[in-house]
Amino acid sequence: MEERLRILQEQIQASLAKARDKNALEGLRIKYLGRKGEINRLFKEIAQLPVEQKRIFGNEINQLKLVINQELHQRLEKFQSKDKDMIDLLLPGKKPYVGHVHPISKIFDELIMFFTNFGFSIATGPEIEYDWYNFGALNIPRDHPARDMFSSFYIKEDLLLRSHTSPVQIRVMENQKPPIKIICPGRCYRYDAFDASHAPVFHQIEALYVDKGVSFGELKWLLSEFVRFLFGPKTKYQLRPSFFPFTEPSGELAISCAVCGGSGCSVCGNSGWLELGGCGMVHPQVLKNVKISTKKYSGYALGMGIERVAMIKYIIDDIRVFFNNDIRFLEQF
Ligand SMILES: [Zn+2]
């Protein structure tokens, strides 16, 4: 009997030594130490033995069981400590948190891409501006009622936070001879209190094209391309008469409401249309102010608020969400 157990022990130890992973060890544990395993089978044999041998054989099997158990645990621990140092390449990785482009930056990028594709270059200017550049040169003298529209932040009598990006157009036209083809993206300021549709700081983009023979027809074509690019080919647009002191004639661009499809809803004030921005032919007085000959040259200008465009494009009904920095909102873009 003793010899038989010794041979079995050697066999078990040899197969344990061959096991290459935890699963193989588990298989061997079941094979030898499991309920229907070889060791248990040996215990059952005790019943058939003479009384005097029962105790001896029982002790021997117990001893064998103990040795095998110990060895199994030692080998299992080795595999587990190896696991700790190993990188499991099949485990799904932890996703790092990726930042998002702010919807205002996204619209800016898209608009800049659109206009630069049509040959416009980017021009910038100061955000603290002289009264002359913000108003005077744009045909809005001190007593002009249109100044009320702009609710400007004045720093001194002659100095203010620019209330639109149009002063950049004046600065470029002062320093550059036509052809001039620029866009002016930037930040503007007005003393509007924060509400669903107003913010004291907002963003605009303006485009200006001055050259020989620039026509309103060209402007209209550019606007149609613009609507198609930003809102898709199915979006209808309307160019309706408007008034700005710095353009003549002046127009207003509106597109069909994406929410109701033009039938009228609360977003579009039941009109079916959403106003996008203003445009027109540069007023001759503005060209005269920057000493560009109105006999030789003409030009068009257009402008729009970036927040307004983003609100229409993404169907957002409160401008304040752009400033709240709520990650749940920003993550959607
Ligand atoms: Zn609508």
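Throughout, read-outs are computed from the coordinates displayed, never taken from laboratory work. Quantities reported herein were computed from a predicted structural model and do not represent experimental measurements. FYI the Cβ positions are ideal-geometry reconstructions off the backbone, even for glycines, and counts take in every protein chain you see.
What is the list of residues in segment 93-137 whose amide nitrogen lies under 16 Å from a point 7 angstrom out from the Cα of residue 314, following Cα to Cβ?
99-111
Quick check on segment 103-330: take the gyration tensor over C-alpha atoms, sort the square-rooted eigenvalues as a ≥ b ≥ c, and tell me if it's rounded (a/c under 1.5), prolate or oblate.
oblate
Between segment 15-48 and segment 177-227, what is the separation of their alpha carbon centroids in Å?
Between the Cα centre of segment 15-48 and that of segment 177-227, the gap is 82 Å.
Work out the FRET efficiency for residue 265 and residue 175 from their Cβ-Cβ distance, taking R0 = 45 Å, and round it to the nearest 0.05.
The formula returns an efficiency of 0.45 here.
Taking amide H atoms as placed 1.01 Å from N in the peptide plane, list the residues 5 or more away in sequence, or in a different chain, whose amide H sits under 5 Å from that of residue 122.
Residues meeting the amide H criterion: 183.
If I model a spin label as a point 7 Å beyond the Cα along the Cα-Cβ vector, how far apart are those points for residue 234 and residue 329 in nm?
Going by the 7 Å Cα→Cβ label model, 2.8 nm.
Which are the unpartnered cysteines of the chain, meaning those with no other cysteine Cβ under 4.7 Å from their Cβ?
Cysteines lacking a close Cβ partner in the chain: 184, 188, 279.
Rank 39, 170, 155 by mean-square fluctuation in a GNM of the chain with C-alpha springs under 10 angstrom and give only the top-ranked residue.
Top of the fluctuation ranking is 39.
With a cut-off of at most 12 other beta carbons within 10 Å, and DSSP calling the residue loop, which trypsin sites (Lys or Arg not before Pro) in segment 7-77 qualify? Please list them.
20, 35, 36
Give the span of segment 1-137's Cα atoms along each principal axis, as three whole-Å numbers ordered largest to smallest.
In descending order, the Cα extents are 121, 28, 22 Å.
Going through segment 62-168, which chymotrypsin sites (Phe, Trp or Tyr not before Pro) have at most 10 other Cβ atoms within 10 Å and a DSSP loop state?
Filter output for segment 62-168: 97.
Of the candidates 126, 50, 245, which one comes out as most mobile in a Gaussian network treatment of the chain with C-alpha springs shorter than 10 Å?
Residue with maximal mean-square fluctuation among 126, 50, 245: 50.
Each residue of segment 170-183 in order: what ³J(HN,Hα) in whole Hz does its phi give by Karplus 6.51 cos²θ - 1.76 cosθ + 1.60, θ = phi - 60°, with x for Gly and Pro?
Going residue by residue, I get 4, 4, 5, 5, 5, 9, 9, 8, x, x, 10, 9, 10, 10 Hz, with x marking Gly and Pro.
To the nearest 0.05, what FRET efficiency results for residue 40 and residue 90 with a Förster distance of 51 Å applied to their C-beta separation?
It comes out at approximately 0.90.
When ranked by the protection proxy of mean other Cβ atoms within 10 Å per residue, highest first, what sequence do the peptides 304-317, 223-236 form?
So the peptides 304-317, 223-236, ranked by packing, come out 304-317, 223-236.
Only sites in a loop by DSSP and with at most 14 other Cβ atoms within 10 Å count here; which trypsin sites (Lys or Arg not before Pro) in segment 141-210 make the cut?
Working: sites: 142, 147, 156, 162, 171, 181, 187, 190; in loops: 142, 162, 190.
Filter output for segment 141-210: 142.
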